[in-house]
Each structure stands twice: as C-alpha cells, then as structure tokens.
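Engineer: Here it is, the structure, as structure tokens.
The values are calculated or read from the model by the stated rules, or taken from the named source; none is laboratory data. Please read all numbers here as calculations on a predicted model, not as lab measurements. Because the Cβ atoms are built from the backbone with ideal geometry, glycine has one as well, and the counts that use them run over all protein chains shown. Protein only, heavy atoms only, side chains kept; ligands, DNA and RNA dropped before computing areas. Shrake-Rupley method; radii C 1.70, N 1.55, O 1.52, S 1.80 Å.
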Amino acid sequence: MPIGMTLTKFLLEEQRKYPGSSGNFTGLFSDLVVAAKVISREVNRAGLIDILGATGSKNIHGEEVQKLDEFANNAVIKTMEHGGHLAAMASEEMDDIITIHSHYPKGRYLLLFDPLDGSSNIDVNVCVGTIFSILKCPPDGDATEADFLKPGVEQAAAGYILYGSSTMFVYTTGHGVHGFTLDPGVGEFILSHEDITVPERGGIYSINEANNKHWYPGTSLYIEKLKSADKPCTARYIGSLVADFHRNLLKGGVFLYPSDRKSKNGKLRLLYEANPLSFIAEQAGGRASTGDGRVLDVVPTELHQRTPLIIGSRLDVEEAEGFWKRQEAKPPLDLHP
Ligand code: P6P
C-alpha cells in the first residue's frame, strides 16, 4: 500500500515552486522532522522507562522542569545545531539565546521553540506538544537577542508537533496550513490534513474558568454571552495549549488566555507560543488577538515576554475582542513581563 505524500516529499515539492531557493529551508525542516520523531518516541514510551516525573530543578519561569522537558529541549538543540541552517536558537527552557558552536556551519534562520508545552500533563498521559517559530536572521555578524525580538508578522514559518493519540506535524510557511500524521511503522509523517481551514465560527470555547474571579468585565461578559446563547457553546479545556488549539483549529472555536487581574499580560509566551499559533490561525482563515489588537503586530521587548491570547475562529475572536474593547475598566498592561 503506497505510503502517500511524506512531509519530506511535500517540502521538496514546495521548494520546486521557488526555483531560486537554496534548499536551506527544506534542510532546516528535515532536521526538525527528525527531532519531532525522536521526541515522539520518548513521549510515547515515557510510561515504560524511568523518565517521568520532575528533575527537581526549575526553569527561568520558576516552573518545575520535567524530565521529558529536558529531553525534548536537548533533542531539538542537538538535532538542529549542526545542520548549517541556523544562526541561533531560543528555547522556553533556556534563559538566553543558544548560539551555534564555532565548529558548526551557520545558516540564515533563527529557531524559537517551546520544546514540550503542556508538560504538567506529562505524568497523566495527556497530549503535549512542541511549538516552533522560524525567523530570517540578518546576514551580517553573529545573531544577538535583538534579532529574535521581531513581531510575528516577520515569521518565515511556524508550526507544532502534537503528541496525542497519534503524532501530528502541522506547519505553515505563509502558503496555507498543512498537517501530517506520523506512521510509526514507516517512520514517516504522511500528509493527512492538506490546506487546513478553521470554521469561521465554532461551538467550542476553551478557557480556565477557575480564573473567573480574576477576570476583567470584558472576559466575564463574553463568556456569559456564550453560555446564554440560543445555541450554547461547549466548554473544552485540556490545559495543554497545543491540544486545545489543534482541536479548535479543526472543529472551530475560541481559546482564551486573557489578561486578568492576576496575570496582566496573560500566561502564554509571545515569541514561541502565541506568535507561531497565531501565524497558523491566520493562515487557516482564523484570527489571533491580545484583546486590544492582532498578536502578530506586537513588537517584542523581551525574549520570554507573555501576551494575552484569544485565538481561533474569526467571528468568535472578533466577538471576544469586541467585548474586551467595549469594557470601561480596560486593564493597564504592565510591559515588564
Ligand atoms: P492554566 C501549560 O502549562 C500551559 O503553558 C499551556 O499549555 C496551557 O494552555 C496553559 O499553560 C494552562 O494554564 O493556568 O490554565 O493551568
């Protein structure tokens, strides 16, 4: 039985559409695919080997570092650093940018990634994911942190790998959103969701309602409206961003991690969580907002800064944004993450 269109073949066919392309980008993605397969293997057998549980150490954000977090972080770095496609990397797990060692060739791209998002779900066998964003690097000199602080509109590509009932690789380079499912028997990602488009209105809302005592009126009134609508919404919240986002992308709906009185800038990270998913959402016909405006227009000031995030079906996000903008007591965003 033919194995179908593999991700590698799809990337090569995409590359052929741009005769002048160097193939650097395809090479970068191919390395990323290897890292995805390595992490998928470990995630899928985590329960069988002593790799569950925490390392006892904490990351820059004071969060417990899970062993699989560390494994995934190292897997991406070790797989990507020698390919000659990157000038530098930035990871949620690392305080500073990761430069490419002098004995490896340097490339023209920057990779930003969250190696294993939703890690608090690891020990209970709930979906987790890797999220990545790719920027072009200025040609001159060594990459600096400032080269990473670009608005999301400047991304060259973005995507995620979802380790769920199957492992999926979903990405965009600005020409639509495409999803590939790993066939473990063959060891290849096979095209399973070409040209993903998100329904312009969904029937799902995803928000942590335990935070409702901190919500600003704009959020409370929107959620109340959803609950009282003639055709009520369904609440779905896994607590793993990639899983919640992916479900809403395919079925339609809205995910919210808004600014609230406890977290003025929300919880999620701009550069390697909100920006890549916002690029995907927009390429699939959806929207992504901070409440005050388009996520992809936010000009970063810090590598690990947070942002409020309302993302998913276009009409749902626009409605949520309307409630946010109309509220009287609009919260003061504290610009120091
Ligand atoms: P809360 C996981 O820790 C994460 O970063 C995202 O994957 C998820 O959407 C969010 O935090 C859940 O946060 O505060 O609802 O537990």
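Engineer: Quick one: count up the residues across region 217-237 that are open to solvent by 70 Å² or more (accessible area, probe 1.4 Å) and among the hydrophobic types (A, V, I, L, M, F, W, C). Give the steps one after another, and end with the answer.
Structural biologist: Taking region 217-237 as the starting set, the residues that turn out to be open to solvent by 70 Å² or more (accessible area, probe 1.4 Å) are 221, 224-225, 227-228, 230-232, 236-237.
From what's left, among the hydrophobic types (A, V, I, L, M, F, W, C): 221.
The number of residues fulfilling the criteria is 1.
Engineer: Related question: Among the residues of region 156-165, is there at least one that is open to solvent by 10 Å² or more (accessible area, probe 1.4 Å), touching a Leu at 6+ places or on another chain (Cβ under 9 Å) and closer than 16 Å to TYR272 by Cβ?
Structural biologist: yes
Engineer: Determine whether ALA274 is in contact with a strand residue (DSSP E or B) (Cβ under 9 Å, 6 or more places away or on another chain) and under 24 Å from LEU116 (Cα atoms). Spell out how you get there, then give the answer.
Structural biologist: Values: in contact with a strand residue (DSSP E or B) (Cβ under 9 Å, 6 or more places away or on another chain): yes; under 24 Å from LEU116 (Cα atoms): yes.
Spelling it out, ALA274 is indeed in contact with a strand residue (DSSP E or B) (Cβ under 9 Å, 6 or more places away or on another chain) and under 24 Å from LEU116 (Cα atoms).
Engineer: As an exercise: evaluate CYS137 against (1) closer than 23 Å to LEU268 by Cβ; (2) open to solvent by less than 50 Å² (accessible area, probe 1.4 Å) and give the number of the one condition it does not meet.
Structural biologist: CYS137 satisfies all of (1) closer than 23 Å to LEU268 by Cβ; (2) open to solvent by less than 50 Å² (accessible area, probe 1.4 Å) except (1).
Engineer: Let me ask another. Being touching a Gly at 6+ places or on another chain (Cβ under 8 Å) and open to solvent by 10 Å² or more (accessible area, probe 1.4 Å) is the filter here; which residues of region 259-285 pass it?
Structural biologist: Matches in region 259-285: PHE279, GLN283.
Engineer: Collect the residues in region 69-94 that are open to solvent by 40 Å² or more (accessible area, probe 1.4 Å) and more than 16 Å from GLU273 (Cα to Cα), keeping them in residue-number order.
Structural biologist: Going residue by residue through region 69-94, those that are open to solvent by 40 Å² or more (accessible area, probe 1.4 Å) are 70-71, 74, 78, 82, 94.
Those that are open to solvent by 40 Å² or more (accessible area, probe 1.4 Å) and more than 16 Å from GLU273 (Cα to Cα): GLU70, PHE71, ASN74, LYS78, HIS82.
Engineer: Does ARG247 fit the bill of being within 23 Å of the chain's Cα centre (by Cα) and either free of Cβ contacts under 8 Å to residues at least 24 places away in the same chain or assigned to a loop (DSSP other than H, G, I, E, B) (or both)?
Structural biologist: Working: within 23 Å of the chain's Cα centre (by Cα): yes; either free of Cβ contacts under 8 Å to residues at least 24 places away in the same chain or assigned to a loop (DSSP other than H, G, I, E, B) (or both): no.
Spelling it out, it is not the case that ARG247 is within 23 Å of the chain's Cα centre (by Cα) and either free of Cβ contacts under 8 Å to residues at least 24 places away in the same chain or assigned to a loop (DSSP other than H, G, I, E, B) (or both).
Engineer: Residues being more than 16 Å from the ligand (Cβ to nearest atom), over 30 Å from PHE169 (Cα atoms) and free of Cβ contacts under 8 Å to residues at least 60 places away in the same chain: count how many of those fall in region 208-244.
Structural biologist: In the first step, residues of region 208-244 are kept if they are more than 16 Å from the ligand (Cβ to nearest atom); the result is 216-218, 220-222, 224-234.
If we keep only those that are over 30 Å from PHE169 (Cα atoms) as well, we get 216-218, 220-222, 224-232.
Checking which are free of Cβ contacts under 8 Å to residues at least 60 places away in the same chain leaves us with 220, 224, 226-232.
Total satisfying the criteria: 9.
Engineer: Does region 98-126 hold any residues that are in contact with a strand residue (DSSP E or B) (Cβ under 7 Å, 6 or more places away or on another chain), assigned to a loop (DSSP other than H, G, I, E, B) and more than 13 Å from the ligand (Cβ to nearest atom), and which are they? I'd like the intermediate steps shown before the answer.
Structural biologist: Restricting attention to region 98-126, the residues satisfying the condition of being in contact with a strand residue (DSSP E or B) (Cβ under 7 Å, 6 or more places away or on another chain) are 98-100, 106-119, 121-122.
Now narrow it down to the ones that are assigned to a loop (DSSP other than H, G, I, E, B): 100, 106-108, 118.
Within region 98-126, ILE100, LYS106, GLY107, ARG108 qualify.
Engineer: Looking only at region 285-329, which residues are small (Gly, Ala, Ser) and touching a residue at least 40 places away in the same chain (Cβ under 8 Å)?
Structural biologist: Across region 285-329, the qualifying residues are GLY285, GLY286, GLY291, GLY312, SER313, ALA320, ALA329.
Engineer: Could you grab me the full set of residues in region 198-213 that are surrounded by 15 or more Cβ atoms within 10 Å (Cβ to Cβ) and either modelled with pLDDT under 95 or not charged (D, E, K, R) (or both)?
Structural biologist: VAL198, PRO199, GLY202, GLY203, ILE204, TYR205, SER206, ILE207, ASN211
Engineer: Going by the structure shown, is ILE196 β-branched (Val, Ile, Thr) and either assigned to a helix (DSSP H, G or I) or out of contact with any Leu (no Cβ under 7 Å at 6 or more places or on another chain) (or both)? Before the answer, list the steps.
Structural biologist: Working: β-branched (Val, Ile, Thr): yes; either assigned to a helix (DSSP H, G or I) or out of contact with any Leu (no Cβ under 7 Å at 6 or more places or on another chain) (or both): no.
Taking the combined requirement at face value, the residue does not satisfy it.
Engineer: Look through THR144, THR181 and report the one residue that is over 20 Å from GLY285 (Cβ atoms), among the β-branched types (Val, Ile, Thr) and without any contact (Cβ under 8 Å) to a residue 24 or more places away in the chain. Step through it out loud before you land on a result.
Structural biologist: On the way: THR144 fails: without any contact (Cβ under 8 Å) to a residue 24 or more places away in the chain.
Every option except THR181 fails the conditions.
Engineer: If GLY252 satisfies every condition in (1) within 16 Å of the ligand (Cβ to nearest atom); (2) surrounded by 20 or more Cβ atoms within 10 Å (Cβ to Cβ) but one, which is the exception?
Structural biologist: Here GLY252 meets the rest and fails (1).
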